[in-house]
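Handing you a structure now.
Values in this text are rule-based calculations from the coordinates and carry no lab data. Since we're looking at a predicted model, the values are computed, not measured. FYI the Cβ positions are ideal-geometry reconstructions off the backbone, even for glycines, and counts take in every protein chain you see.
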Amino acid sequence: MNTNPRTIALCIALFLASAFVTYTLRIGQHSATSGRWLPAVSHTRAHNQHIVSTPKVAYATFLAANTHPEGEEDVPDDQDGYFLSTRVLAYQLLHSRTAGTNLSIPFLVLCTRDVSKRKRDRLKKDGATVVLVEKLNTDGVVAAADRQRDVLTKLRLFQLVQYTKILFVDADTLVTKPLDSVFHDERTLTQATGMNPEKIQQDEGVLPRTYMFATHGDVQGYDHPYPPDPNLDYSNCGFFAFTPSKVLFDYYLSLLKLPGRFDTGFPEQNLLNYAHRRDGNMPWKPLWYGWNVNWPMERDWRGGAHSFHAKYWDGDPSHDPVLKAIWKEQRAEMEGYYRGREDGLR
């Protein structure tokens, strides 16, 4: 039997119309229920596009005014080692084509209020986020050097609970490769605080239920191997990742009230080593060894390390000459970058 072509065309048209209606209804249902399964989103003002929200992370360092026996105002800014190195670090983390952030991660500079406004304004021009804080009461703490008198103030970073993770980097650090991926290092995952009653001191503050504190062992000399020994117990706190916590901050303060609880020669480093001792309830976790090296040598750089902890602005003859030369190049690059940018704005 022959089928009328008009009948066939009508059937096809009805089928397509039905399919279109079904598709439209399903899209509408999906839009109505999408909030149940989509992750949190935010809108960009420029294009009104949906983007998945990410944890708020930051780089940070600490700058005090008491690093010069002769007084801060008597030292030219370009000869103030810690201030100069903070500027170089800001350039490296925020603007360098080879070492800078690819994720627009902010760089916080925690400053005591006696750091001059001139220096704070310069750091803001450089792109840093200056965070002014009050010094901690450190009565009874006798540091090994006068320039370390205020370093315990860096613990106030743990009060910045608007951030989920912060990577602290000492100002005297050379960065040669990006550090963004440190926030994805598996050792920066939140840890459950241990409950071993033998490790709980009744005169100390309450421990948080969870914490995150990750760093690396202090190799204690230039003759270290690369990769370094992974079983070191004492950590160097010139480079560490952590999750801010008011409970943890209060716990640290409780330790400051207990004379003899930790050696105050290196105040904040020894406090953190005690609070996060490897056999305690909040042991520090070892970051990948290549993120940062203390007592650095050229072989560490050639081995692939990303950053190096040393005061390359001073005349210490023990510093590795290759790394010192790279830091000086970074300083010159930083000065040229800001000079060019500011000349362009005139």
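What is the magnitude of the charge dipole of the stretch 57-333 about its Cα centre, with +1 placed on the Cβ of each Lys and Arg, -1 on the Cβ of each Asp and Glu, and no other charges, expressed in debye to the nearest 20?
900
I've got another one for you. Normalised by the residues of the stretch 57-333, what does the relative contact order come to in percent, with Cα pairs under 8 Å and at least six apart?
21
Can you tell me which of 136-143, 325-332 comes out highest on packing, and rank the rest after it, using the mean Cβ neighbours within 10 Å?
Ranking, from highest mean packing down: 325-332, 136-143.
Also: Restricting things to Cα coordinates, could you compute the convex hull volume per residue of the stretch 57-333 in Å³?
Expressed per residue, the convex hull around the Cα atoms of the stretch 57-333 is 127 Å³.
Within 12 Å, Cβ to Cβ, of SER245, how many net charges do the neighbouring residues add up to if Lys/Arg are +1 and Asp/Glu are -1?
Counting the neighbours of SER245, the net charge comes to +2.
Between rounded, prolate and oblate, where does the stretch 181-271 land on the alpha carbon gyration tensor, with a ≥ b ≥ c its root eigenvalues, rounded for a/c under 1.5, else prolate if a/b exceeds b/c?
Cα axes put the stretch 181-271 in the oblate bin.
Given axes a ≥ b ≥ c from the Cα gyration tensor, I'd like to know whether the stretch 224-280 is rounded (a/c under 1.5), prolate (a/b larger than b/c) or oblate.
Prolate, since a/c reaches 1.5 and a/b exceeds b/c.
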